[in-house]
Amino acid sequence: MQQKIDQYTAEINAYRPESATDLENFRIRFLGTKGLIKDLFDEFKTVSAEEKRVLGKVLNEFKKLAEEKYTFFKEELDTHVVAEQSGADLSLPGQGFATGSRHPLSLVRKEIIEIFKKLGFIVEEGPEIEDDWHNFSALNFPEEHPARDMQDTFFVKKDATNGDIALRTHTSSVQVRMMENGKPPFRAIMPGRVYRNEAISARAHCFFHQVEGLYVDENVSFADLKQTLFYFVQELFGEGTKVRFRPSYFPFTEPSAEMDISCSICGGAGCQMCKGSGWVEILGCGMVDPNVLENCGIDASKYTGFAFGMGIERITNLKYQIKDLRLFSENDIRFLKQFKSEVI
Ligand code: PHE
């Protein structure tokens with residue numbers, strides 16, 4: 001019996017129907033009510049109990065093989081018939097399958113994250129709808145600070161008693177959440193979408209994307225900040241890219257600075273992108289204000305930290321020489337398909 005099954009198996013494995021009739025004959029020969037499988041099952045009843053144990057499994061598998069083969073070719077033939085009846089020309093080459101590509105902002109965000117990961121930074125995320133405390137108050141924004149104005153912030157709810165609810169204007173809010181919910185040291189970056197109430201133009205949009213970073217530990221200094229950002233820039237824009245820090249002001253950092261890099265497009269000679277200066281600003285940074293640490297329950301006499309924040313759009317503009325911010329959100333396929341990358 002085993003021998004017969006082996007022989008039939010070889011036959012079935014080599015089988016390809018030549019026509020619908022041929023396939024129907026195959027069905028009758030193996031699967032029909034008077035077919036070979038029926039015969040085999042009859043024969044099975046007569047073998048010894050010991051043989052049954054082995055042959056039972058073999059026989060069932062053989063039956064399954066015959067059924068699967070039949071169903072496979074039946075479906076193939078049916079599709080063929082439908083296609084032929086429809087008058088379709090089956091000899092025509094197939095239509096290309098268009099694959100998508102990553103959005104340029106996703107590509108650059110990914111690149112930024114990878115660089116900071118190498119320095120031991122983890123990724124933190126938080127909500128886009130924030131309360132006044134996390135977006136402003138904990139970050140040392142004075143009550144009358146202009147960034148709280150209706151001009152800049154999209155308010156979801158004005159509530160004088162419990163605090164306003166707004167669309168976050170920066171991902172510094174995630175830093176507050178992280179510090180409130182954990183214990184130092186903290187070393188994390190916060191990528192995310194942020195919103196500001198600005199008129200949409202080539203140079204401004206009502207939403208954009210940021211990557212902010214925070215490093216809090218004992219003895220963190222401004223030198224650590226400079227070295228971290230210097231390393232980041234060499235990795236992202238290439239070795240030899242120069243950096244310079246200009247004094248600036250943010251409510252949540254003291255001292256604060258803005259960092260420029262030598263223009264990645266003209267190499268510092270002066271061009272349209274850097275408005276002839278050879279330098280372009282890419283981020284804000286500074287030492288975390290002790291008030292912010294204390295607001296988040298961290299002992300500012302023991303811990304210090306640095307923070308920084310950059311717009312992904314700006315970095316992407318520099319990397320790819322994009323001059324109009326609106327392109328990022330219009331989803332024009334002619335724009336998007338230009339960005340192919342190894343980074344997934
Ligand atoms: N939160 C600032 C902004 O939105 C950026 C920043 C982050 C500046 C951290 C200094 C330190 O512009």
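The values are calculated or read from the model by the stated rules, or taken from the named source; none is laboratory data. Small disclaimer: the values here were computed from a predicted structure and weren't measured. Backbone-built Cβ (ideal geometry, glycine too); neighbour counts: all protein chains shown.
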**Study point:** Odd one out for Glu143, checked against (1) within 13 Å of the ligand (Cβ to nearest atom); (2) among the charged types (D, E, K, R); (3) out of contact with any Pro (no Cβ under 9 Å at 6 or more places or on another chain)
**Key:** (1)
Practice item. Please verify whether region 85-101 includes one or more residues that are part of a helix (DSSP H, G or I) and surrounded by 12 or more Cβ atoms within 10 Å (Cβ to Cβ). Key: no
Review point. So is Gln272 away from the ligand (no atom under 13 Å from the Cβ), free of Cβ contacts under 8 Å to residues at least 12 places away in the same chain and either in a helix (DSSP H, G or I) or of a type in the set (A, V, I, L, M) (or both) or not?
Key: no
Check your understanding: Could you say whether any residue in region 276-298 is under 30 Å from Ala98 (Cα atoms), surrounded by 15 or more Cβ atoms within 10 Å (Cβ to Cβ) and either in contact with a strand residue (DSSP E or B) (Cβ under 9 Å, 6 or more places away or on another chain) or at pLDDT below 95 (or both)?
Key -> no
Review point. Is it the case that some residue within region 89-106 is touching a residue at least 24 places away in the same chain (Cβ under 8 Å) and among the aliphatic types (A, V, I, L, M)?
Key: yes
Check your understanding: Among the helices (runs of 4 or more DSSP H) confined wholly to region 282-343, which include 3 or more residues that are within 14 Å of the ligand (Cβ to nearest atom), out of contact with any Ser or Thr (no Cβ under 9 Å at 6 or more places or on another chain) and under 25 Å from Gly268 (Cβ atoms)?
Key -> 312-320
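For (1) part of a loop (DSSP other than H, G, I, E, B); (2) closer than 30 Å to Pro104 by Cβ; (3) within 16 Å of the ligand (Cβ to nearest atom); (4) of a type in the set (Phe, Trp, Tyr), each residue gets a yes or a no:
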site	(1), (2), (3), (4)
Val156	no, yes, no, no
Asn162	yes, no, no, no
Met178	no, yes, yes, no
Val194	no, yes, yes, no
Ile200	yes, yes, no, no
Thr228	no, yes, yes, no
Phe232	no, yes, yes, yes
Glu235	no, yes, no, no
**Study point:** Within region 248-264, considering residues that are in a strand (DSSP E or B) and away from the ligand (no atom under 11 Å from the Cβ), the one farthest from Phe306 (Cα to Cα)
**Key:** Ser262
Exercise for review: Would you check if Thr171 is surrounded by 19 or more Cβ atoms within 10 Å (Cβ to Cβ), modelled with pLDDT of 95 or more and among the β-branched types (Val, Ile, Thr)?
Suggested key: yes
Check your understanding: Which one of Phe186, Phe222, Phe208 is over 30 Å from Arg326 (Cα atoms) and within 13 Å of the ligand (Cβ to nearest atom)?
Key -> Phe222
Check your understanding: Within region 116-136, is even one residue in contact with an Asp or Glu (Cβ under 7 Å, 6 or more places away or on another chain), touching a residue at least 12 places away in the same chain (Cβ under 8 Å), among the aliphatic types (A, V, I, L, M) and not in a loop (DSSP other than H, G, I, E, B)?
Key -> no
Review point. What residue, of Leu325, Leu336, is surrounded by 12 or more Cβ atoms within 10 Å (Cβ to Cβ), more than 26 Å from Ser172 (Cα to Cα), aliphatic (A, V, I, L, M) and in contact with a His (Cβ under 8 Å, 6 or more places away or on another chain)?
Key: Leu336
